[in-house]
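S.K.: Structure below; questions to follow.
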Amino acid sequence: MKKKLIRISIAVFICLSIGILSSIATQSGMSSWYPSLVKPAFTPPQWVFGPVWIVLYILMGIAAGMVWSRGFYHKWVKVALYHFGFQLLLNAAWSILFFGLRSPLLALLDITALFILILFTIKWFKVVNNTAAYLLIPYAIWIAFAAILNYSIWQLN
C-alpha cells in the first residue's frame, strides 16, 4: 500500500508539474492575445479553467499511479503508461500551440490527436485497472469540450 501511495504521489506531482509548465505558455497569450479573440457564447469564464485543470491533473495522476502500482514489468502496464505519457505531451503541446504560437488551427490538430489518444489510454488503463480508466473519463469529456471550443474559436477568428 505504501508503494502504491508513493507511485500515485509521484504521478500526481508529474501531472501537476506539466500543468504548471503549460500555464506558463497560457499566461503569455491569456493577458494579451486571447482577450482580443471572438469567442463562442458557451465559453466559460476564465476563472473556471484553473480549478478544472487542477482537479483533472490530480485525477490523471491518481489514475496513472494506480496503473503504475500494478508493476511496470507487466506488458499491459507499460503499454498503458506509454499511452498516458504521450497524451500528457500532447496536452502540454496544446498550450504552446494555442497560446504560445497563437495558432488555433495547430492547437485544434493537437487536441484532436489528444482526444483520440486519451480514448486509447482509457482503453489500456481499463485492461490494467477499471477504476483508473474511470478516473480519466472527466478528462476525456473536458478535452472534447475544449476541442469544440478550440474549433469554434478557430472558425470565428
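S.K.: Using 0.36 nm per residue of separation minus the Cα-Cα distance, give me the extension gain between W47 and I6 in nm, one decimal.
M.R.: Contour length minus Cα-Cα distance gives 11.6 nm.
S.K.: Hey, if we sort F145, F13, F99 by accessible area with the 1.4 Å probe, largest down, what's the order?
M.R.: Accessible-area ranking of F145, F13, F99, largest first: F13, F145, F99.
S.K.: Okay, moving on. Heavy atoms only, probe 1.4 Å: what % of the accessible area of the chain goes to carbon and sulfur, would you let me know?
M.R.: Ligands and nucleic acids excluded, carbon and sulfur give 75 percent.
S.K.: Here is a follow-up. I need the calculated FRET efficiency for the pair Q27 and Y73, taking r as the beta carbon distance and R₀ as 41 Å, to the nearest 0.05.
M.R.: 0.55
S.K.: Divide by every residue of the chain the summed helix terms, -39500 (n - 2.57) for each DSSP H run of at least 4, and state the resulting mean residue ellipticity at 222 nm, rounded to the nearest 500 deg cm²/dmol.
M.R.: So the calculated ellipticity at 222 nm is -27500 deg cm²/dmol.
S.K.: To the nearest 20 Debye, how big is the dipole of the chain about its Cα centre, given +1 on the beta carbon of each Lys and Arg and -1 on that of each Asp and Glu?
M.R.: That gives the chain a dipole magnitude of about 680 debye.
S.K.: How much length is gained on full extension from I20 to Q155, taking 0.36 nm per residue of separation minus their Cα-Cα distance?
M.R.: Values: separation 135, 0.36 × 135 = 48.60 nm, distance 2.84 nm.
Working it through step by step, the gained length comes to 45.8 nm.
S.K.: Over the heavy atoms of I148, what accessible area does a 1.4 Å probe trace out, to the nearest 10 Å²?
M.R.: The value for I148 is about 100 Å².
S.K.: Using the Karplus equation 6.51 cos²θ - 1.76 cosθ + 1.60 (θ = phi - 60°), what ³J(HN,Hα) coupling, rounded to whole Hz, does each residue of the range 50-59 give in order, writing x for Gly and Pro?
M.R.: x, x, 4, 5, 4, 4, 5, 5, 5, 4
S.K.: With axes computed from alpha carbons, what is the tilt in degrees of helix 75-95 against the longest principal axis of the chain, rounded to the nearest 10 within 0 to 90?
M.R.: Around 20 degrees separate the two axes.
S.K.: Output the 0 to 90 degree angle, nearest 10, between the alpha-carbon long axis of helix 2-31 and the longest principal axis computed from the alpha carbons of the chain.
M.R.: 10 degrees
S.K.: Could you provide, to the nearest whole Å², the per residue accessible area of the range 33-157 with probe 1.4 Å?
M.R.: 50 Å²
S.K.: Now for a different question. Going from most exposed to least, what order do W68, W33 have by accessible area with a 1.4 Å probe?
M.R.: The ordering from most to least exposed comes out as W68, W33.
S.K.: Please list L81, L105 from largest to smallest accessible area, probe radius 1.4 Å, with all protein chains kept in place. Walk me through the intermediate numbers first.
M.R.: On the way: L81 30, L105 75 Å².
Largest to smallest exposure gives the sequence L105, L81.
S.K.: One-quarter of the Cα convex hull surface for the chain, in nm²? The partial results should precede the final answer.
M.R.: On the way: hull surface 34.3 nm².
Mean projected area of the Cα convex hull: 8.6 nm².
The values are calculated or read from the model by the stated rules, or taken from the named source; none is laboratory data. Values in this document were obtained by computation on a predicted structure and should not be read as measured data. No Cβ is skipped: glycine too gets one built from the backbone with ideal geometry, and neighbour counts run over all protein chains shown. The area values use the complete protein model at the heavy-atom level, side chains included, leaving out ligands, DNA and RNA. Shrake-Rupley method; radii C 1.70, N 1.55, O 1.52, S 1.80 Å.
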